[in-house]
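Heads up, the thing below is written out as structure tokens.
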Amino acid sequence: MTAAEFRVARKRLGLSTAQLGAAIGVTARSVRRWEAGKHPVPRWAEIAVAWAVNAAERLDAEATATAPTT
């Protein structure tokens, strides 16, 4: 996952760098460094964020599918 892809994923989740950092156990500074490309995104962080995006997309799709029509 590139730095840009990581940033897009975080934004897809609607989280700030501080919120994502807290959720995965790192500082907002670490998240900002990964997104800026100053440090590579660790594989475990890639997996955590990808999993969260996948879960959010599934929940969105389920909510859309079960929403009552008018």
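The values are calculated or read from the model by the stated rules, or taken from the named source; none is laboratory data. Please read these numbers as outputs of a predicted model, since none were measured by experiment. Reconstructed Cβ throughout: ideal geometry from the backbone, glycine too, with neighbour counts over all protein chains shown. The accessibility values were calculated without ligands, DNA or RNA, using every heavy atom of the protein model including side chains. Shrake-Rupley method; radii C 1.70, N 1.55, O 1.52, S 1.80 Å.
The figures follow:
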| quantity | calculated |
| --- | --- |
| Segment 59-70: number of residues that are assigned to a helix (DSSP H, G or I) and either in contact with a strand residue (DSSP E or B) (Cβ under 8 Å, 6 or more places away or on another chain) or more than 15 Å from A9 (Cβ to Cβ) (or both) | 7 |
| Failed item, numbered, when E35 is tested on (1) surrounded by 14 or more Cβ atoms within 10 Å (Cβ to Cβ); (2) modelled with pLDDT under 95; (3) of a type in the set (D, E) | (2) |
| Selection count where residues are assigned to a helix (DSSP H, G or I) and in contact with a Phe, Trp or Tyr (Cβ under 9 Å, 6 or more places away or on another chain), scope segment 21-40 | 4 |
| Options A48, A4, A18; residue that is surrounded by 14 or more Cβ atoms within 10 Å (Cβ to Cβ) and part of a helix (DSSP H, G or I) | A48 |
| Residue match in segment 53-66 (condition: among the aliphatic types (A, V, I, L, M), in contact (Cβ under 8 Å) with a residue 12 or more places away in the chain and open to solvent by less than 100 Å² (accessible area, probe 1.4 Å)) | yes |
